[in-house]
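Report on the structure given below.
The values are calculated or read from the model by the stated rules, or taken from the named source; none is laboratory data. Predicted model, so just to flag it, every value in this text is computed and none were measured. As a convention, Cβ positions derive from the backbone with ideal geometry for all residues, glycine included, and neighbour counts pool all protein chains shown. Heavy atoms of the whole protein, side chains included, go into the accessibility calculation; ligands, DNA and RNA do not. Shrake-Rupley method; radii C 1.70, N 1.55, O 1.52, S 1.80 Å.
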Amino acid sequence: MKAKEIRELSDEEIRQRILDNQKDVQHQRFQHAVAGLEDPAGFRSKRREIARLKTILKERELEKGNVTDDQQ
């Protein structure tokens with residue numbers, strides 16, 4: 001997912017996608033430990049997508065001034 005597409009999403013949709021991708025990464029880690037991955041590049045792309053999502057969410061929070069100590 002490109003940054004332009006992510007910026008079109010609401011904050012709640014971004015948070016949900018972060019959770020979904022984190023679950024996918026966790027599942028892929030388990031799968032890799034047990035039997036190996038069919039697509040190891042997919043693991044890397046999920047981690048990068050999580051980073052993009054978190055970056056854009058953080059940008060929005062900084063614009064609004066809603067950053068708390070536990071989010072830093």
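For the reader, a short list of remarks on this structure follows.
A quick yes/no check of all residues on (1) open to solvent by less than 90 Å² (accessible area, probe 1.4 Å); (2) touching a Phe, Trp or Tyr at 6+ places or on another chain (Cβ under 7 Å):
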position: D11; (1), (2): yes, no
position: I14; (1), (2): yes, no
position: Q28; (1), (2): yes, yes
position: A33; (1), (2): yes, no
position: L37; (1), (2): yes, yes
position: R47; (1), (2): no, no
position: I50; (1), (2): yes, no
position: K58; (1), (2): yes, no
position: K64; (1), (2): no, no
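- Taking every residue in segment 39-53 that is of a type in the set (A, V, I, L, M, F, W, C) and pairing it with any residue that is open to solvent by 60 Å² or more (accessible area, probe 1.4 Å), at least 6 positions away or on another chain, the pairs with Cβ-Cβ distances below 9 Å are F43/D24; F43/R29; F43/H32; I50/R17; I50/Q22; L53/M1; L53/R15; L53/R17.
- If you filter segment 16-25 down to residues that are in contact with a helix residue (DSSP H, G or I) (Cβ under 6 Å, 6 or more places away or on another chain) and under 13 Å from A51 (Cα atoms), you find that the one that is surrounded by the most Cβ atoms within 10 Å (Cβ to Cβ) is N21.
- Neighbours by Cβ (under 9 Å, 6+ apart or cross-chain): first from segment 1-20, without any contact (Cβ under 8 Å) to a residue 60 or more places away in the chain; second among the hydroxyl-bearing types (S, T, Y) and assigned to a helix (DSSP H, G or I): A3/T55; I6/T55
- Matching residues, segment 1-40, being among the aliphatic types (A, V, I, L, M) and in a helix (DSSP H, G or I): A3, I6, I14, I18, L19, V25, A33, V34
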